[in-house]
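This report concerns only the one structure given below.
The values are calculated or read from the model by the stated rules, or taken from the named source; none is laboratory data. This one's a predicted model, so the numbers in the text were calculated from it and none came from an experiment. As a convention, Cβ positions derive from the backbone with ideal geometry for all residues, glycine included, and neighbour counts pool all protein chains shown. Only protein heavy atoms, including side chains, enter the accessible area calculation; ligands, DNA and RNA are left aside. Shrake-Rupley method; radii C 1.70, N 1.55, O 1.52, S 1.80 Å.
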Amino acid sequence: MYILNVRAHYDSAHFLRSYKGKCERLHGHRYEVEAGLAFEQLGEGGMAYDFTDAKLHLRAIADSLDHENLNDLPPFAEMETSAENQARYIFEELRRRMGAEGEHVLYVRVWETPNQWAQYSEKTLFF
């Protein structure tokens, strides 16, 4: 299996509605997001998928979140803005944007700080 990884970032504010502590107040992060794509076969040119296309899709999603208060955006109007929920939202949105190739999205990982991240996948992963 071939696994490709692309990264993007976005700077956003948010607050956690159901959390008691400092994160219940409005604050910001420079989020790093990475997406892993898995392929069994290589295509033309010896590539599984074009990195440029994968980055364009992920960057478009990151741009829609950049310099926003995540709590004000429709996907998070009712859902907590946790890194876990952001990872799932980006995973689902990336699959949708990629069309038929979206089935190859293996995981999305959202880094909230350089030392902590949350990941969403529909499969159990060990790496």
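Listing for the model above:
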read-out	value
When residues of region 69-85 are limited to those that are outside any helix (DSSP H, G or I) and without any contact (Cβ under 8 Å) to a residue 12 or more places away in the chain, the one nearest to Asp50 (Cα to Cα)	Leu73
Every residue from region 15-34 that is assigned to a strand (DSSP E or B) and either of a type in the set (Gly, Ala, Ser) or open to solvent by less than 90 Å² (accessible area, probe 1.4 Å) (or both)	His27, Gly28, His29, Tyr31, Glu32, Val33, Glu34
Residues of region 74-127 that turn out to be closer than 19 Å to Ala60 by Cα, open to solvent by 60 Å² or more (accessible area, probe 1.4 Å) and basic (Lys, Arg), as a count	4
Residue that is least open to solvent (accessible area, probe 1.4 Å), among those in region 35-51 that are out of contact with any helix residue (DSSP H, G or I) (no Cβ under 8 Å at 6 or more places or on another chain) and closer than 26 Å to Glu84 by Cα	Gly36
Cross-chain or 6+ apart pairs with Cβ under 6 Å, region 43-57 first and within 17 Å of Phe91 (Cα to Cα), then open to solvent by 60 Å² or more (accessible area, probe 1.4 Å)	His57/Arg97
Filter result for Asp50 (at pLDDT below 95 and acidic (Asp, Glu))	yes
Neighbours by Cβ (under 9 Å, 6+ apart or cross-chain): first from region 86-110, assigned to a helix (DSSP H, G or I); second hydroxyl-bearing (Ser, Thr, Tyr) and open to solvent by 40 Å² or more (accessible area, probe 1.4 Å)	Gln86/Tyr120; Ala87/Tyr120; Arg88/Tyr120; Tyr89/Tyr120; Ile90/Tyr120; Phe91/Tyr120; Glu92/Tyr120; Glu93/Ser64
Asp63, sole failed condition from (1) within 15 Å of Tyr10 (Cβ to Cβ); (2) charged (D, E, K, R); (3) not in a helix (DSSP H, G or I)	(3)
Some residue of region 2-14 being of a type in the set (Ser, Thr, Tyr), assigned to a strand (DSSP E or B) and open to solvent by 80 Å² or more (accessible area, probe 1.4 Å)	yes
